[in-house]
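Step one of this worksheet: look at the structure below.
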Amino acid sequence: MSNRVAVIGVGMTKFMRRAQETPGELAAEAVRMALEDAGLERDDIDAVTLGTAPDAFDGIHMKGEHLIAGAGGVDKPYMRHFIGGATGVMSPIHGWMHVASGKYNTCMVVAEEKMSSCFPHPAGAFVTIFDRVTEQPLELTLIHIFALEMARFMHVYGYSERELAEISAMIKRNALNHPAAQTAVDISADDVLNSPLLSWPVKRFDISPTSDAAVAIILANERIARALKKAPVFIEGVGFRLETAYWCTRDLCYPDYVAMAARDAYAMAGIVDPVRDIDFFEPYDPFDYKALHHLNALLLDKTGRTVRELFESGNLQPEGSHPICPSGGALGVGNPIAATGLMKIAELYFQLSGQAGKRQLQRRLRRGVAQAWGDLMQAGTVVVMGADGASPITSSRWNDMKREDLPGTPIKSVDEVANIADTPDLRYAWDNGFAISTYLDGLKKGKIRGSLDTRTNRMMVPARSFSEIGDLAPVTNYFDIGDTGVVKTFTISHINWDSSPLAKGKVNIFAVIALDGINEDMGLVHKLGDIEPEDVEIGMRVKAVWKLKAKRSGDILDIKYFAPLGEGKIKLDIKQIKPVEMDVLSMAQKLGKIPLSYRYTAGIAGSKFYADLGKGKINGTYCAARDEVVIPPAMFDEETLDMLDPETDAREIDPGSGRIRSFTVVFEDRQGRLLEKEQVVVQVEFPGVAGSVFGLLEGVAGDGVEEGMAVKLAGGGTMDGPDRVVFTLKETPQPVKLKK
Amino acid sequence: MGVAVLGMGICGFTPTSTGLSYREMIAKAAKMAYRDAGVTIDLIDGAVSAEEDFPSGYSIADEYVPDQLGMVRKPVYTIPGDFMHAVASAAMQIETGRFDILVVESYSKASNVLTKDEMTRFAFDPVYNRFGVSPHWLAGLELNSFLMESEYTIEEVAEVVVSNRGAAISSITSPYGDNFTIDDILDARPVALPLTELMVAGYADGAVIAVVGSDEAAKKYARSPAYLAGIGWGSGNSILERRDHSFSAGTAVASRRAYEEASVVSPYEEIDAFFVSDVYAHRQLMHLEALGVHGTQRPVVNPNGGALGGGDLFEATGGARLYEAFTQLRGEAGPCQTAVDRVLVHAWRGIPTDSCVVAILDNERRSS
């Protein structure tokens, strides 16, 4: 039997379009606040789990590793979990596993996102979420797939753009009382409808903003929660489900995966009727329609009638019977992906323990549910929390919290602060494998190819060599199928993959097309052409327009677009073919790359470091808890998670007093190519301080370097990255044999 | 509640794997694991994947997990950690009592990543540590620190390579088996001195799958399970300037917990074989020290050749060690077989991390 798990403390930064803090500094700010909220110290925390969404946002491979110190994970059990946009509600679930299993008594749960590092725009990180062979060449981005889903949702459930705009306005208004809110505003549905059109039906104010922020919560078992005399709010149910990555093979109008996750959570929580048994909802709302789309699933009502009635009767409002997003949601508080989900968990905690201040729902609350969504319209995570007799707290600093009370340093532009630019060269050649090679061979011949899954009686497009829903049964029969079909949903886009506007007057129309003659749910995504945008309709019939044979290369772009077919009869010609031979020529690779650049703020501490280096100085930061000075400068002490001030706690260090602690002589550049001249990287320590500084040692060959040699900081001038941190020997060395 | 490994499957373990997509490779390994575990897909409650985004080339690697495992619409998530982190996460899930059988997956298509050093460099702190030189600089510096602070010599580091790549000659899952001398290793092309090219594991492609479940599930379905006696994980300081580069604190944290759970007091005496991360040769020795196994002792380490012999499989690397340990516990390791009843599997996430996992596995459930 699982241990009961309670939330006993919360911390969060402001939600900001752009923060000066580094990802680690943001995490540390939230963690420190959560520790204080729970009345604990870092030593009281048994384990740490961290949720953060794509590495492509923060611009750090293995981002979870980078965040260890800030999350309080040094010398502790630390693990990151990840499920795309659904991560934030997976975070408490993964923390729940730590405690419910009996493995740990307490667990710090941290969610962080720093989306602003990504250039040209964080939205660009989404171009590489799509299938690299069958979708990425179309240069889709997340707004496109949302728009396709939104159009389908509106078509099936009959919502108008105005009705969805009303949801956006309501949620943004709810955020007016949230202290962390980034985009809280009192606007009308007209304001949403009149905001710039990005990709019909999506307008700017239908979407949540990109954000930087961190949120932390502390979980504990019941014994500790009760002992701390908090008003513990218990995790009563958890659920998480992941759908197929083949997102064109299902109707996007209803998220079955969310409903399944909700059923799991409800079963665990003993909820029979969610409409009756749940008092308020925090569905994930990155787009306004998503709040209702998810609510349909959370209420287990595929007909959508319940939500429609609640919406029309005003009962989704804070004063209604089934309020949604009382926090202000992603639309109003902001959307630093993983941190958003955990903010929603924090809102359940605040509401259920009477700490929501002006947002407090004015009725007795027993249970709330939070949900996140992610991946390719694919992941659902659900948590039910309950007050379980906890007395509402009457005095809590959260009740009166204001934005200025929360940590976080918003900046308008990265140019305002010390920053480092970097463009990684990440290139790939992917093995297509047998089935996709056969599919691409078909495209080169002007044919769309599928493979027949006899277990489930599905013709699968693109061709696959196993049945993903039929016990992984082998699939060996390949067919050329027709190139006509029906538009299931569409969007008229005015933006590029990186959110930059298309040339004036140009639009791209993307559509999910169900192909003729095979299962209705087996579609593909492509562009439409030879049609005016206003003439596109769901249900219209279309046919592929192919490139000339000589120009086809075995690529999804061998289809130029799909064009209207009209009502004329078509002759379906489905013919079994022989798949490609398995040889190194037919198994060619698909080339690809990550097309992003980054500009990293140096953070609160890094700004001090680089400002000093520019003057030829080095400062450490005094940590009172350990009574020592640390270098490089620090905004937090990773041992205690105490906050430090690199300016007021600065202690000057003689830049000429360094000694080589360790070193290496490097013969290759960042890509593994031989350097023309070897370079020495040194770790330099300074007397009386903890820590060290890494830099390049110049003016001496590799075989002239030894541990303990005295070095001094070279130069001053522009300091814009680690390669500018240069040391030289204080004395001319005698050649010595390198230890080898 | 006890947790066991019911069965495992692999595919690939070769420097390149043209002809198989990652999906096809994983599906093959999954079918092998399910059969080995004696389970059908409908008996499996969910999956945990161990993946990072950039090695997969996708911004959200998690999207592409469920299909090739047959886990569509089931509870599935990703641990951006080593395979053994995912095993630990799955074990916790099972210990909540709400899940019975789970599948753990990881894979490498390292041959598909054309700029691997650039990717590794991208894991370094951009403010302080992302130099324009090879990311191996940290391994070279770490090796130097280890030699300065420990009793080990560079020759003993080289001996790790000789031993592991030699052992790998007899292993069908280890493509880098070969006969080297200590001088071959020391005289190899310098990368980040004192680190030479042969002290670094080469890359390999491969998929690893483990089916883990409760002891009850193991008893019911598996022909020859391995029992998890203890598992711990831990991370050293991610601020490199304040990390001791001669010692793996992450391993020490992880082993403390694993030993406590498995009631291990004297690891050298009580554990028959150690499957330890050797992605860099010196790391094998550094990890053993942190595991409480010292230079004067001569434990059985990486009898199948480790990563130096089998290749760096990105996040699947620890899974390869688990597979080797699993086959050893079953007595199915062929020419690499040694006498084992209790083994230790260790995983490390590679530079620039000090994040590690330690697991103790037995061939039968011991009373606690």
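Every number in this text was worked out from the coordinates using simple rules, so none of it is lab data. Quantities reported herein were computed from a predicted structural model and do not represent experimental measurements. Note: ideal-geometry Cβ built from the backbone for every residue, glycine included; neighbour counts use all protein chains shown.
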Could you run through region A:545-594 and say how many residues are farther than 19 Å from A:Ile448 by Cα, in contact (Cβ under 8 Å) with a residue 60 or more places away in the chain and exposed (fewer than 15 other Cβ atoms within 10 Å of the Cβ)? 3
Leading residue by the ranking (surrounded by the fewest Cβ atoms within 10 Å (Cβ to Cβ)) among those in region A:1-26 that are touching a residue at least 24 places away in the same chain (Cβ under 8 Å) and within 11 Å of chain B (Cβ to nearest Cβ): A:Ser2
Can you tell me which of (1) within 30 Å of B:Arg242 (Cα to Cα); (2) more than 9 Å from chain A (Cβ to nearest Cβ) is the one B:Ser163 doesn't meet? (1)
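Please specify each residue of region A:128-139 satisfying the condition of being among the hydrophobic types (A, V, I, L, M, F, W, C) and surrounded by 23 or more Cβ atoms within 10 Å (Cβ to Cβ).
Correct list: A:Ile129, A:Phe130.
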Those residues of region A:80-122 that are within 13 Å of chain B (Cβ to nearest Cβ), of a type outside the set (S, T, N, Q) and assigned to a loop (DSSP other than H, G, I, E, B) come to a total of 5
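Residues are listed down the side, and each one gets a yes or a no for (1) within 11 Å of chain B (Cβ to nearest Cβ); (2) in a strand (DSSP E or B); (3) surrounded by 23 or more Cβ atoms within 10 Å (Cβ to Cβ):
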position	(1), (2), (3)
A:Arg661	yes, yes, no
A:Glu676	no, yes, no
A:Pro687	no, no, no
A:Glu706	yes, no, no
A:Asp723	yes, no, no
Go through region A:189-246 and give me each residue that's of a type in the set (D, E, K, R), part of a helix (DSSP H, G or I) and surrounded by fewer than 21 Cβ atoms within 10 Å (Cβ to Cβ). A:Asp190, A:Asp191, A:Arg204, A:Glu222, A:Arg223, A:Arg226
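Do you know which residues across region B:19-45 are β-branched (Val, Ile, Thr) and touching a residue at least 40 places away in the same chain (Cβ under 8 Å)?
Quick first cut of region B:19-45, residues β-branched (Val, Ile, Thr) only: B:26, B:39-41, B:44.
Answer for region B:19-45, where residues must be β-branched (Val, Ile, Thr) and touching a residue at least 40 places away in the same chain (Cβ under 8 Å): B:Ile26, B:Val39, B:Ile44.
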What are the residues in region A:444-460 that are aliphatic (A, V, I, L, M) and within 14 Å of another protein chain (Cβ to nearest Cβ), if any? A:Met460
How many residues, within region B:171-201, are in contact with a Phe, Trp or Tyr (Cβ under 9 Å, 6 or more places away or on another chain) and either assigned to a strand (DSSP E or B) or surrounded by fewer than 17 Cβ atoms within 10 Å (Cβ to Cβ) (or both)? 8
Can you spot a residue in region A:535-543 that is touching a strand residue (DSSP E or B) at 6+ places or on another chain (Cβ under 9 Å), in contact (Cβ under 8 Å) with a residue 40 or more places away in the chain and acidic (Asp, Glu)? yes
Please specify each residue of region A:159-193 satisfying the condition of being more than 20 Å from A:Cys325 (Cα to Cα) and touching a Lys or Arg at 6+ places or on another chain (Cβ under 8 Å). A:Leu193
Can you give me the number of residues within region B:280-301 that are surrounded by fewer than 21 Cβ atoms within 10 Å (Cβ to Cβ) and either part of a strand (DSSP E or B) or in contact with a Leu (Cβ under 7 Å, 6 or more places away or on another chain) (or both)? 0
With B:Tyr259, B:Tyr268, B:Tyr227 as the choices, which residue is closer than 27 Å to B:Arg365 by Cβ and in contact with a Lys or Arg (Cβ under 6 Å, 6 or more places away or on another chain)? B:Tyr227
So A:Arg162 fits all but one of (1) without any contact (Cβ under 8 Å) to a residue 60 or more places away in the chain; (2) basic (Lys, Arg); (3) over 30 Å from A:Asp190 (Cβ atoms); (4) away from every other protein chain (no Cβ under 11 Å); what number is the exception? (3)
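Which members of region B:139-177 meet the condition of being of a type in the set (A, V, I, L, M) and out of contact with any Leu (no Cβ under 7 Å at 6 or more places or on another chain)? Let's see the steps before the verdict.
We begin by selecting, within region B:139-177, every residue of a type in the set (A, V, I, L, M); these are B:139, B:141, B:143, B:147-148, B:154, B:157-158, B:160-162, B:167-169, B:172.
Once the filter is applied, which keeps residues that are of a type in the set (A, V, I, L, M) and out of contact with any Leu (no Cβ under 7 Å at 6 or more places or on another chain), region B:139-177 yields B:Leu141, B:Leu147, B:Met148, B:Val162, B:Ala167, B:Ala168, B:Ile169, B:Ile172.
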List pairs: first residue in region B:182-200 and touching a residue at least 60 places away in the same chain (Cβ under 8 Å) and over 18 Å from B:Thr153 (Cβ atoms), second residue assigned to a strand (DSSP E or B) and not charged (D, E, K, R) anywhere in the structure, Cβ distance under 8 angstrom, at least six positions apart or on different chains. B:Val200/B:Val191; B:Val200/B:Tyr280
Just to be sure I understand, how many residues within region A:679-717 are in contact (Cβ under 8 Å) with a residue 24 or more places away in the chain and under 39 Å from the mean Cα position of the chain (by Cα)? 15
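In the list B:Ala254, B:Ala316, which residue meets the criterion of being within 14 Å of chain A (Cβ to nearest Cβ) and in contact with a Gly (Cβ under 7 Å, 6 or more places away or on another chain)? Step through it out loud before you land on a result.
Values: B:Ala316 fails: within 14 Å of chain A (Cβ to nearest Cβ).
Result: B:Ala254 is the single residue among B:Ala254, B:Ala316 that is within 14 Å of chain A (Cβ to nearest Cβ) and in contact with a Gly (Cβ under 7 Å, 6 or more places away or on another chain).
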B:Gly2 vs (1) under 28 Å from B:Ser367 (Cα atoms); (2) facing chain A (nearest Cβ under 7 Å): all pass except (2)
Count - residues of region B:12-47 that are under 19 Å from A:Asp471 (Cα atoms) and more than 12 Å from every other protein chain (Cβ to nearest Cβ): 3
Out of region A:636-660, which residues are under 16 Å from A:Ala418 (Cβ atoms) and either touching a Leu at 6+ places or on another chain (Cβ under 6 Å) or of a type in the set (Gly, Ala, Ser) (or both)? A:Ala650
Of (1) away from chain A (no Cβ under 12 Å); (2) within 13 Å of the chain's Cα centre (by Cα); (3) of a type outside the set (Phe, Trp, Tyr), B:Cys356 satisfies all except one. Which? (1)
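Within region B:140-159, can you find the residues that are polar (S, T, N, Q) and either under 14 Å from B:Arg283 (Cβ atoms) or at the interface with chain A (Cβ under 9 Å from one of its Cβ atoms) (or both)? Don't jump to the end; show me each part of the working.
Of region B:140-159, the ones polar (S, T, N, Q) are B:144-145, B:150, B:153.
Within region B:140-159, B:Asn144, B:Ser145, B:Ser150 qualify.
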Answer residue from region A:37-70, given it is in a helix (DSSP H, G or I), over 20 Å from B:Thr251 (Cβ atoms) and over 13 Å from the mean Cα position of the chain (by Cα) and is farthest from the other protein chains (Cβ to nearest Cβ) among those: A:Asp37
I'm checking my understanding of the structure. Among residues of region B:84-114 that are surrounded by fewer than 24 Cβ atoms within 10 Å (Cβ to Cβ) and touching a Pro at 6+ places or on another chain (Cβ under 8 Å), which one is nearest to the other protein chains (Cβ to nearest Cβ)? B:Val113
Go through (1) of a type in the set (A, V, I, L, M); (2) within 14 Å of chain B (Cβ to nearest Cβ); (3) buried (at least 17 other Cβ atoms within 10 Å of the Cβ) one by one and return the number of the condition A:Ile411 breaks. (2)
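Determine which member of the set A:Ser321, A:Ser327 is assigned to a loop (DSSP other than H, G, I, E, B), of a type outside the set (Phe, Trp, Tyr) and closer than 20 Å to A:Ala214 by Cβ. Reasoning before the result, please.
Working: A:Ser321 fails: closer than 20 Å to A:Ala214 by Cβ.
Going through A:Ser321, A:Ser327 in turn, just one is assigned to a loop (DSSP other than H, G, I, E, B), of a type outside the set (Phe, Trp, Tyr) and closer than 20 Å to A:Ala214 by Cβ: A:Ser327.
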